[in-house]
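Below is one structure, written out as structure tokens, with a few remarks after it.
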Amino acid sequence: MWRAAIFHGGQLIGEAIVDMYVKSRLIKIRRLALYKAFATSEVLSKIEDEFRRHADFQNKTLKMIAPRLIKN
């Protein structure tokens with residue numbers, strides 16, 4: 001398990017807790033928290049694309065939950 005800080009435009013906009021085990025075929029985003037002001041469909045798409053890129057690089061499947069929105 002590892003924690004990922006999520007930056008966009010030089011600003012911290014959220015964090016994720018990621019489960020990734022060597023013997024598992026999954027990369028699982030267990031917790032995703034984003035500041036409400038940044039939770040646009042475009043930003044969410046970019047976040048998912050980045051996690052998917054990491055999963056593909058490691059030959060794994062991405063399993064991602066919907067973000068929990070937090071106030072700024």
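Coordinate-derived values only; no laboratory data. It should be emphasised that the depicted structure is a prediction, and the values quoted were computed from it without experimental measurement.
Axis angle, to the nearest 10 degrees, between helix 41-57 and the longest C-alpha principal axis of the chain: 20 degrees.
Over all Cα atoms in the stretch 2-70, the spread is summed up by Rg and Dmax: 11.9, 37 Å.
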